[in-house]
Amino acid sequence: MNGQARRVSHRIGAITESATLAVDGKAKALKAAGRPVIGFGAGEPDFPTPAGIVEAAVEACQDPRWHRYTPTAGLPELREAVAAKTARDSGYEVSPAQVLITNGGKQAGYETFATLLDPGDEVLVIAPYWTTYPESIQLAGGVSVVVHTDGASGYLATVDQLEAARTGRTKVLLFISPSNPTGAVYPPALVEEIGRWAVEHGIWVVTDEIYEHLVYGDAEFVSMPAVVPELADRCVVVNGVAKTYAMTGWRVGWLIGPPDVVTAATNLQSHLSSNVANVSQVAALTAVRGDLSAVAEMRAVYDRRRQTIVRMLREIPGIECPEPLGAFYVYPSVKGLLGKDIRGRRPATSAELCDIALEEVEVAVVPGEAFGTPGYVRMSYALGDDDLVEGVTRLHKLFSDVR
Ligand SMILES: Cc1ncc(COP(=O)(O)O)c(C=O)c1O
């Protein structure tokens, strides 16, 4: 460096752009330029936030009480409501003091790893993984130890796999069910088995429950600390309003943990971002105090789209699509298309295949490289039914030209 300081630090320079946001950004820019792009990239509901929630926020805007700083950890009434909602929805009993309101689930995850990890601490990360977690683990000085799963197992890790990856440095297991990007939902018995294994080995569990209400068919969501209560002292739950109430833009999430962890994470947040925007917190309060009728309606629509997209993808030669049971993603293998001649181009990787799909038929999907598993793509089905059918039809036509 010739004695000159680096312009960007090693630590921050090592962070890659969020691939999901990058694909979404590219698709939205093309759309804004008038291109008929169909985007399967974004992990966000296409529904508007329910009206009652928006009305509460409009009122909050006009109340000077909300124009000021409020406690870092969140509005006391919201912390209370989140504790009550958690008991209602998953049976996990916590006190409001164990809840820290954060700027979305993303900040909850970031603060959790910053709070739990010392340099060199290992975190078991099940792949395909949500692209943000390895970055927040690395930023905290931790090391992701990846445990691979595939479509044949329904993208579910077993206790044997976790045990094989455990070392003397393993501190945390990251557990996400329903999963982004695969839509896998761990059966209750397996959640319990994994929780008991964690307790036995003194391993912390960070469990991301942001898709808890989006499960289909016979799949059932259970919360690990609810089924394994002994885990509570070494467990952090990450959650938020984004997916359940179609509130991605409002930026309200939370973490729930043992009091010492929550206090430490609150201290971090007090210097990082202070309280979450009050108007958003009032909106979130209305959401979590309300019933679950809006998400029930959305779930029925997602379920219909889920069945459509799985059926249509399975009709495309070269694509293998396991049935997802939760969230709003499908995670098909595209390995059968790699190396093939697609309109004169031979994609060697899923990333190249995604570029071809965007350039040739203006369909945006996220390559598996972003989730630690090349050879796959993630498609969100949180988009309108007509767009969904049109987008998959375009892919079908494109991949029918394969030689
Ligand atoms: C698994 C998972 N956790 C957390 C989040 C964060 O959501 P937000 O920060 O919008 O609350 C997402 C968003 O895509 C997610 O997929």
For the range 54-99, listing GluC sites (Glu not before Pro) in a DSSP loop whose Cβ sees at most 16 other Cβ atoms within 10 Å gives Glu93
In degrees rounded to 10, the 0-90 angle between helix 259-272 Cα long axis and the longest Cα principal axis of the chain is 70
Net charge near Asp218 (other residues with Cβ under 13 Å of its Cβ; Lys, Arg +1; Asp, Glu -1) is -3
Cα extents of the range 233-387 along the principal axes, largest first, in whole Å, come to 57, 34, 30
A correct Karplus calculation of ³J(HN,Hα) over the range 158-171, with 6.51 cos²θ - 1.76 cosθ + 1.60, θ = phi - 60°, whole Hz and x for Gly and Pro, returns 9, 4, 4, 5, 5, 4, 5, 8, 6, 10, x, 9, 5, 10
Once phi for every residue in the range 133-141 is put through the Karplus expression 6.51 cos²θ - 1.76 cosθ + 1.60 (θ = phi - 60°), the whole-Hz ³J(HN,Hα) values, with Gly and Pro written as x, are 5, x, 5, 6, 5, 5, 4, 7, x
Whole-Å distance linking the alpha carbon centroid of the range 332-372 with that of the range 266-282 is 40
Straight-line reach check, Lys85, cutoff 19 Å on alpha carbons, 8 or more apart in-chain or any other chain, hits among lysines -> Lys243
The whole-number value in µm²/s of the Stokes-Einstein translational diffusion coefficient for the range 27-80, with Rh from the Kirkwood sum over alpha carbon pairs at 10 °C and 1.306 mPa s, is 106
In terms of the charge dipole of the range 43-87, which places +1 on Lys and Arg and -1 on Asp and Glu at the beta carbon, the residue among Val58, Pro76, Pro45 farthest towards the positive end is Pro76
In degrees, nearest 10, the alpha-carbon axis of helix 19-32 is tilted away from the dominant principal axis of the alpha carbons of the chain by 60
Sorted by accessible surface (1.4 Å probe, heavy atoms of the protein chains only), largest first, His271, His67, His396 come out as His271, His67, His396
For the range 131-204, the Cα gyration tensor yields equivalent-ellipsoid semi-axes (√(5λ), largest first, whole Å) of 19, 17, 11
For the range 302-345, inverting the pair-averaged 1/r of distinct alpha-carbon atoms gives a Kirkwood value in Å of 11.5
Once Lys and Arg are counted +1 and Asp and Glu -1 for all other residues with Cβ under 9 Å from that of Ser333, the total becomes -1
Note, the range 315-323: 3J(HN,Hα) by Karplus (6.51, -1.76, 1.60, θ = phi - 60°), whole Hz, Gly/Pro = x, goes 7, 8, x, x, 10, 10, 10, x, 7
Taking only the alpha carbons of the chain, the radius of gyration and the largest Cα-Cα distance, Dmax, both in angstrom, are 21.3, 65
Once Glu220 and Ala97 are pulled to full extension, the length gained, defined as 0.36 nm per residue separation minus their Cα-Cα distance, is 41.4 nm
Residues other than Asp291 with Cβ under 13 Å of its Cβ, Lys/Arg counted +1 and Asp/Glu -1, net out at +1
The range 227-241 and the range 22-92 have their Cα centres apart by a whole-number Å value of 23
Longest principal axis of the chain (C-alpha) makes with the long axis of helix 278-289 (C-alpha) an angle, in degrees to the nearest 10, of 90
With -39,500 (n - 2.57) per DSSP H segment of 4 or more residues and division by the full residue count of the chain, the 222 nm estimate, nearest 500 deg cm²/dmol, is -12500 deg cm²/dmol
Once both label points are put 7 Å beyond Cα along the C-beta direction, the Ala351-Ala33 separation in nm becomes 2.1
In debye to the nearest 20, the charge dipole size for the range 300-403, taken about the Cα centre with +1 at each Lys and Arg Cβ and -1 at each Asp and Glu Cβ, equals 300
Answer in debye to the nearest 20: the dipole magnitude of the range 268-337 about its Cα centre, from +1 Lys/Arg and -1 Asp/Glu charges placed on Cβ, is 80
Log10 I(q)/I(0) at q = 0.19 Å⁻¹ for the range 66-117, from Debye over equal alpha-carbon scatterers, is -0.73
Counting only DSSP loop positions in the range 208-294, the GluC sites (Glu not before Pro) whose Cβ has at most 14 other Cβ atoms within 10 Å are Glu220
Listed by chain and number, the residues whose amide H is under 5 Å from that of Val366, excluding neighbours fewer than 5 places away on the same chain and using placed H, are Arg378
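The values are calculated or read from the model by the stated rules, or taken from the named source; none is laboratory data. Just so it is clear, the model here is predicted, and its values are computed rather than measured. Ideal geometry is used to build each Cβ from the backbone, glycine not excepted, and the neighbour counts take in all protein chains shown. What goes into the accessible areas is simple: the full protein's heavy atoms, side chains included, and nothing from ligands, DNA or RNA. Shrake-Rupley method; radii C 1.70, N 1.55, O 1.52, S 1.80 Å.
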